[in-house]
Amino acid sequence: MIVFPAIDLKAGQVVRLAEGDMDRATVYGDDPAAQAMLFAEAGAEHLHVVDLDGAFVGESRNREAVEQVVEQFPGYVQLGGGIRDREAVEGWFDLGVARIVIGTAALKDPEFVKDMAREFAGGIVVAVDARDGMVATEGWAEVSDVSIVDMARRFEDAGVASLLFTDIGRDGLLKGCNIDATVELAQRTDLPVIASGGVKGLDDIHILSMQADQGIEGVITGRALYDGRLDLTAALAMAARA
């Protein structure tokens with residue numbers, strides 16, 4: 001199982017939001033590339049980066065910061081936030097991003113996402129962000145009438161690498177990951193699932209790692225790392241043992 005430490009970007013700073021609310025942001029630093037290197041020094045080979053400003057406006061707003069992270073981080077960078085057209089996808093892959101996470105466009109323009117998944121094999125991750133079981137888009141500002149399972153099944157035969165499932169109601173709140181919903185989604189679709197939202201400590205990592213054979217590919221963790229509640233090196237070791 002892969003542990004993805006998260007770097008969320010707002011106005012060039014490293015932040016964490018509570019329940020996806022831009023007005024409830026905690027700033028953890030102003031040097032994203034330096035933070036990425038700290039994660040690398042702890043043993044991380046994968047990184048999850050989100051352009052929060054881009055997610056709301058539909059185009060990159062933290063490009064310089066992302067470029068610096070990709071240039072310096074020695075492992076694989078997974079990037080999401082406002083990526084909604086071919087030009088953006090191609091541009092980020094050309095820059096060296098390993099995988100692209102697409103959420104809003106996956107709901108509103110699924111054929112585009114399927115085209116990208118076929119063209120960039122193994123490079124497209126579909127974000128299934130949920131509020132009360134329904135898919136949320138536009139930086140989580142809008143909630144659709146599409147269930148997470150229905151959304152996931154649209155992409156089962158499209159060449160998508162993984163699903164990224166986030167329970168918005170837990171994100172950034174250290175309530176613990178919604179493991180039951182994550183595992184249920186993995187069991188009801190043929191695609192591997194990355195868990196996200198609410199990870200509070202090693203217990204979450206342990207329980208998710210025990211479900212790796214159910215289709216859990218990885219877990220994203222942010223606030224627990226920044227607040228010192230989760231030791232990244234320990235989490236990586238635990239996930240590797242699984």
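Table for the structure above
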item	result
In region 60-70, the residues that are in a loop (DSSP other than H, G, I, E, B) and open to solvent by 10 Å² or more (accessible area, probe 1.4 Å)	S60, R61
Answer residue from region 179-199, given it is closer than 17 Å to V126 by Cβ and assigned to a loop (DSSP other than H, G, I, E, B) and is most open to solvent (accessible area, probe 1.4 Å) among those	D190
Tally of residues being open to solvent by 40 Å² or more (accessible area, probe 1.4 Å) and in contact with a helix residue (DSSP H, G or I) (Cβ under 8 Å, 6 or more places away or on another chain) across region 230-242	3
Any pair with Cβ under 6 angstrom, 6 or more apart, that starts in region 186-204 at a residue that is over 22 Å from A18 (Cβ atoms) and ends at one that is hydrophobic (A, V, I, L, M, F, W, C) and in a helix (DSSP H, G or I)	R188/V149; T189/A152; V193/L185; V193/A186
Residue in region 221-238 that is of a type in the set (F, W, Y) and closer than 30 Å to D109 by Cα present	no
Search result, residues across region 132-142 that are open to solvent by less than 20 Å² (accessible area, probe 1.4 Å) and either modelled with pLDDT of 95 or more or more than 20 Å from V57 (Cα to Cα) (or both)	none
Test: residue in region 143-160 that is within 15 Å of the chain's Cα centre (by Cα) and not in a helix (DSSP H, G or I)	yes
Qualifying residues in region 187-214 (those that are of a type in the set (G, A, S) and within 16 Å of the chain's Cα centre (by Cα)) - the one nearest to R131 (Cα to Cα)	G197
Subset of region 145-172 [surrounded by 15 or more Cβ atoms within 10 Å (Cβ to Cβ) and at pLDDT below 80]	I168, G169, R170, D171, G172
Qualifying strands (runs of 3 or more DSSP E) (wholly inside region 71-131; at least 3 residues being modelled with pLDDT under 95, surrounded by 16 or more Cβ atoms within 10 Å (Cβ to Cβ) and under 12 Å from the mean Cα position of the chain (by Cα))	124-131
Any hit, region 52-59, residues being over 28 Å from L191 (Cα atoms), assigned to a strand (DSSP E or B), open to solvent by 10 Å² or more (accessible area, probe 1.4 Å) and not aromatic (F, W, Y)	no
Residues being assigned to a strand (DSSP E or B), acidic (D, E) and either open to solvent by 10 Å² or more (accessible area, probe 1.4 Å) or modelled with pLDDT under 95 (or both) - total across region 17-51	2
Region 1-16 - residue that is open to solvent by 10 Å² or more (accessible area, probe 1.4 Å) and out of contact with any Ser or Thr (no Cβ under 6 Å at 6 or more places or on another chain) and, of those, farthest from G81 (Cα to Cα)	I2
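The values are calculated or read from the model by the stated rules, or taken from the named source; none is laboratory data. Here the structure is a predicted model, which means the values were calculated and not measured. Reconstructed Cβ throughout: ideal geometry from the backbone, glycine too, with neighbour counts over all protein chains shown. In case anyone asks, the SASA skips ligands and DNA or RNA and just uses the protein heavy atoms, side chains included. Shrake-Rupley method; radii C 1.70, N 1.55, O 1.52, S 1.80 Å.
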